[in-house]
Amino acid sequence: MKVLLVLCGLVLVVSARPDPHPHLKGAQVLRVVPEETWQVGYLRALQQQDLYDFWTEPNSVGRPVDMMSDVFQLPVLRAALENVNLSPRVLVSDVASLVAGSTPHQHNNKDSFSTRIDWTDYYDYDQITGWLDSLATDYPSVCKTEDVGTTYEGRTMKLITIGTGAADNPGIFIDGGIHAREWISPATVTYMINELVTKGSGEFSELLSKVNFYVMPSINPDGYQYTWTNDRLWRKTRSDTDSSFGCKGVDPNRNWGFHWNEVGASSSPCSDIYAGPEPFSEVEMQVVRDQVNRFAPTLQAYLTFHSYSQLWMYPWGFTSDLPDDWQDMDNLAQNAVTALTSLYGTRYEIGSSTNTIYAAAGGSDDWVKGVAGVKYAYTVELRDTGSYGFLLPTNQIIPTAEETFEGVKVVADFIMNNNGR
Ligand code: 0X9
Ligand code: ZN
């Protein structure tokens, strides 16, 4: 009887735990492929209503647009799409169950193994930074970590420098997690850090003696942590805005001060692509900007990791015009993608971001090239192409990270061998 009571109590406690995602129950992701330019325009107008979460943006004829709608708005959305001859395909039939299925196991970060991570699961912000510091303690001759700033909500931002040679060796700056819900990004970046550091006196000893890596695996920590506790599909930062509706956060990849807010961004604080009240309004982006500036004299490449769509892109995002040296960026991207694809056959598209997905100003890549003057600036959209989208299952972390690292090694080797041109 006692056992029964305890069991009942346990069931009650478990079922009484609040569901952090009630709005995702029955929510669906629909895909449409516009065949006419006016349909693209219609989808853009629909996006501006801020009623639906656009997982991919309307850009051009033939490019799929994925939209998430809650269960209540679904019939309205379907009718609106069918009205303009767009036939939606259900990409995700119940977002809540996909979220539940891809929820990480509870890691006990209070025990003595709290600094261990692997790539069979996702890890929260404290676990990532704890691991980063322990790596620096274990491999002091190869890397060091630094606290380089504090987020809006007070979290410490960290940078790891990996390299064994001179401080003025050519540098590569890498960041991840600018968009909170793109969990595969910090996971892939931490994987690459781990590879470089743990093999730093073996396989990568020559590379690290000639190239310095400056890496920040999670540059939107408040947003990222919010995806763990409140809303798995949150994209922006968590700063307060002057919104009368109480909307929070700025799209950190619309917040950089180069052609800021000119195109593909919103001035509405409730929008997922809100550019912020001014360039670099977000303290987290100020921190990353300052770190890029700090190493700018030596930086030859910049890589920022996003998901999803499998694209290897270069500037510009604010115009369809191409930089004068686009051919150099394109050539290196082709070689990187060839290496990436050779591992598991994963296909990537290559091109300037405006011509590949859509025009969007205020991105980090454009600023890093246009203002900091780093020649090879890339935005990489990791797996997949929409089957899981932001909710990429944990069993795809290692293959995604492995293939991406193949591409990054091509960039790194090129920088190493190109030194002293
Ligand atoms: O819209 C973005 O910020 C990126 N795509 S995502 O789906 N991860 O949000 C693409 C950014 C490409 N670069 C620029 N537009 N500058
Ligand atoms: Zn992104």
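Pull up the stretch 284-308, narrow it to residues that are open to solvent by 20 Å² or more (accessible area, probe 1.4 Å) and out of contact with any helix residue (DSSP H, G or I) (no Cβ under 9 Å at 6 or more places or on another chain), then point me to the one that is nearest to ligand 2 (Cβ to nearest atom).
Q286
Looking at this structure, is R232 under 30 Å from Y388 (Cα atoms), in contact with an Asp or Glu (Cβ under 7 Å, 6 or more places away or on another chain), part of a loop (DSSP other than H, G, I, E, B) and in contact (Cβ under 8 Å) with a residue 12 or more places away in the chain? Show your work before the answer.
On the way: under 30 Å from Y388 (Cα atoms): yes; in contact with an Asp or Glu (Cβ under 7 Å, 6 or more places away or on another chain): no; part of a loop (DSSP other than H, G, I, E, B): yes; in contact (Cβ under 8 Å) with a residue 12 or more places away in the chain: yes.
Against the criterion (under 30 Å from Y388 (Cα atoms), in contact with an Asp or Glu (Cβ under 7 Å, 6 or more places away or on another chain), part of a loop (DSSP other than H, G, I, E, B) and in contact (Cβ under 8 Å) with a residue 12 or more places away in the chain), R232 does not qualify.
How many residues are assigned to a loop (DSSP other than H, G, I, E, B) and within 12 Å of ligand 1 (Cβ to nearest atom) if we restrict to the stretch 251-269? Break it down stepwise before answering.
Going residue by residue through the stretch 251-269, those that are assigned to a loop (DSSP other than H, G, I, E, B) are 251, 255-265, 267-269.
In the following step, the residues that additionally are within 12 Å of ligand 1 (Cβ to nearest atom) were identified as 251, 255-256, 258-260, 262-265.
Residues in the stretch 251-269 being assigned to a loop (DSSP other than H, G, I, E, B) and within 12 Å of ligand 1 (Cβ to nearest atom): 10 in total.
Could you pull out the residue among A79, A96, A27, A100 that is over 26 Å from P393 (Cα atoms) and either of a type outside the set (S, T, Y) or modelled with pLDDT under 90 (or both)? Don't jump to the end; show me each part of the working.
Details: A96 fails: over 26 Å from P393 (Cα atoms); A27 fails: over 26 Å from P393 (Cα atoms); A100 fails: over 26 Å from P393 (Cα atoms).
One residue alone meets the criteria, A79.
Could you go through the stretch 343-353 and let me know if any residue there is more than 16 Å from ligand 2 (Cβ to nearest atom), in a helix (DSSP H, G or I), under 27 Å from W119 (Cβ atoms) and touching a residue at least 40 places away in the same chain (Cβ under 8 Å).
Yes, some residue in the stretch 343-353 is more than 16 Å from ligand 2 (Cβ to nearest atom), in a helix (DSSP H, G or I), under 27 Å from W119 (Cβ atoms) and touching a residue at least 40 places away in the same chain (Cβ under 8 Å).
What's the number of the condition I219 fails, among (1) touching a Ser or Thr at 6+ places or on another chain (Cβ under 7 Å); (2) of a type in the set (V, I, T); (3) in a loop (DSSP other than H, G, I, E, B)?
(1)
If a residue has to be open to solvent by less than 50 Å² (accessible area, probe 1.4 Å) and assigned to a helix (DSSP H, G or I) to count, how many in the stretch 29-43 make the cut? First the steps, then the outcome.
First pass over the stretch 29-43, keeping only residues open to solvent by less than 50 Å² (accessible area, probe 1.4 Å): 29-32, 34, 39-41, 43.
Narrowing the set further to residues that are assigned to a helix (DSSP H, G or I) leaves 39-41, 43.
Selection size over the stretch 29-43: 4.
List every residue pair whose Cβ atoms lie under 8 Å apart, where the two residues are 6 or more positions apart in sequence or sit on different chains, the first residue falls within the stretch 79-94 and is without any contact (Cβ under 8 Å) to a residue 12 or more places away in the chain, and the second residue, located anywhere, is open to solvent by less than 60 Å² (accessible area, probe 1.4 Å).
Partner pairs satisfying both residue conditions: E82/P88.
Since C270 meets every condition but one in (1) in contact with an Asp or Glu (Cβ under 7 Å, 6 or more places away or on another chain); (2) modelled with pLDDT under 95; (3) within 24 Å of W316 (Cα to Cα), which condition does it not meet?
Checking C270 against (1) in contact with an Asp or Glu (Cβ under 7 Å, 6 or more places away or on another chain); (2) modelled with pLDDT under 95; (3) within 24 Å of W316 (Cα to Cα), the one that fails is (3).
Looking at L24, L91, L98, L46, which one is open to solvent by less than 50 Å² (accessible area, probe 1.4 Å) and over 24 Å from the mean Cα position of the chain (by Cα)? Before you say what the answer is, go through the steps one by one.
Details: L24 fails: over 24 Å from the mean Cα position of the chain (by Cα); L91 fails: over 24 Å from the mean Cα position of the chain (by Cα); L98 fails: over 24 Å from the mean Cα position of the chain (by Cα).
Matching residue, one of L24, L91, L98, L46: L46.
Does the stretch 239-281 hold any residues that are within 17 Å of I219 (Cβ to Cβ), within 16 Å of ligand 2 (Cβ to nearest atom) and not small (G, A, S), and which are they?
Once the filter is applied, which keeps residues that are within 17 Å of I219 (Cβ to Cβ), within 16 Å of ligand 2 (Cβ to nearest atom) and not small (G, A, S), the stretch 239-281 yields V250, D251, P252, N253, R254, N255, W256.
If we scan the stretch 54-68, do we find a residue that is in contact with a Gly (Cβ under 9 Å, 6 or more places away or on another chain), within 24 Å of I273 (Cα to Cα), modelled with pLDDT of 90 or more and among the charged types (D, E, K, R)?
Scanning the stretch 54-68 turns up at least one residue that is in contact with a Gly (Cβ under 9 Å, 6 or more places away or on another chain), within 24 Å of I273 (Cα to Cα), modelled with pLDDT of 90 or more and among the charged types (D, E, K, R).
May I ask you to list the residues in the stretch 370-407 that are touching a Leu at 6+ places or on another chain (Cβ under 6 Å) and of a type in the set (A, V, I, L, M)?
The answer is V374, L391.
Determine whether T164 is assigned to a strand (DSSP E or B) and more than 17 Å from A401 (Cα to Cα). Step through it out loud before you land on a result.
Details: assigned to a strand (DSSP E or B): no; more than 17 Å from A401 (Cα to Cα): yes.
Criteria not met by T164.
Taking the stretch 144-178 only, how many residues are open to solvent by less than 20 Å² (accessible area, probe 1.4 Å) and over 25 Å from Q300 (Cβ atoms)?
1
Spot the failing condition for L196; the list is (1) within 16 Å of ligand 2 (Cβ to nearest atom); (2) in a helix (DSSP H, G or I), and only one is missed.
All conditions are met except number (1).
With respect to T379, is the statement that it is part of a strand (DSSP E or B), touching a residue at least 60 places away in the same chain (Cβ under 8 Å) and polar (S, T, N, Q) true? Let's see the steps before the verdict.
Working: part of a strand (DSSP E or B): yes; touching a residue at least 60 places away in the same chain (Cβ under 8 Å): yes; polar (S, T, N, Q): yes.
Against the criterion (part of a strand (DSSP E or B), touching a residue at least 60 places away in the same chain (Cβ under 8 Å) and polar (S, T, N, Q)), T379 qualifies.
Restricting attention to the stretch 392-421, report how many residues are of a type in the set (D, E, K, R), more than 16 Å from I193 (Cα to Cα) and buried (at least 19 other Cβ atoms within 10 Å of the Cβ).
0
Can you tell me which residue is farthest from S267 (Cα to Cα) among those in the stretch 356-374 that are away from ligand 2 (no atom under 16 Å from the Cβ) and buried (at least 18 other Cβ atoms within 10 Å of the Cβ)? If you could, list the steps in order and put the result at the bottom.
Applying the first criterion (away from ligand 2 (no atom under 16 Å from the Cβ)) to the stretch 356-374 yields 369-374.
Right, trim to buried (at least 18 other Cβ atoms within 10 Å of the Cβ) and you get 369-370, 372, 374.
Details: K369: 24, G370: 23, A372: 25, V374: 28 Å.
Filtering the stretch 356-374 for residues that are away from ligand 2 (no atom under 16 Å from the Cβ) and buried (at least 18 other Cβ atoms within 10 Å of the Cβ), the one farthest from S267 (Cα to Cα) comes out as V374.
Residue by residue through the stretch 313-338, note down the ones that are away from ligand 1 (no atom under 11 Å from the Cβ) and either buried (at least 18 other Cβ atoms within 10 Å of the Cβ) or within 27 Å of E282 (Cα to Cα) (or both). It would help to see each step written out before you state the result.
Going residue by residue through the stretch 313-338, those that are away from ligand 1 (no atom under 11 Å from the Cβ) are 320-338.
Within the stretch 313-338, S320, P323, M329, L332, A333, A336, V337 meet the criteria.
Which members of the stretch 298-335 meet the condition of being in a helix (DSSP H, G or I) and either within 19 Å of the chain's Cα centre (by Cα) or not aliphatic (A, V, I, L, M) (or both)?
Of the residues in the stretch 298-335, the ones in a helix (DSSP H, G or I) are 326-335.
Matches in the stretch 298-335: W326, Q327, D328, D330, N331, A333, Q334, N335.
The values are calculated or read from the model by the stated rules, or taken from the named source; none is laboratory data. These numbers were taken from a predicted model, which means no experiment stands behind them. Here the Cβ is made from the backbone with ideal geometry for all residues, glycine too, and neighbour counts use every protein chain on show. Protein only, heavy atoms only, side chains kept; ligands, DNA and RNA dropped before computing areas. Shrake-Rupley method; radii C 1.70, N 1.55, O 1.52, S 1.80 Å.
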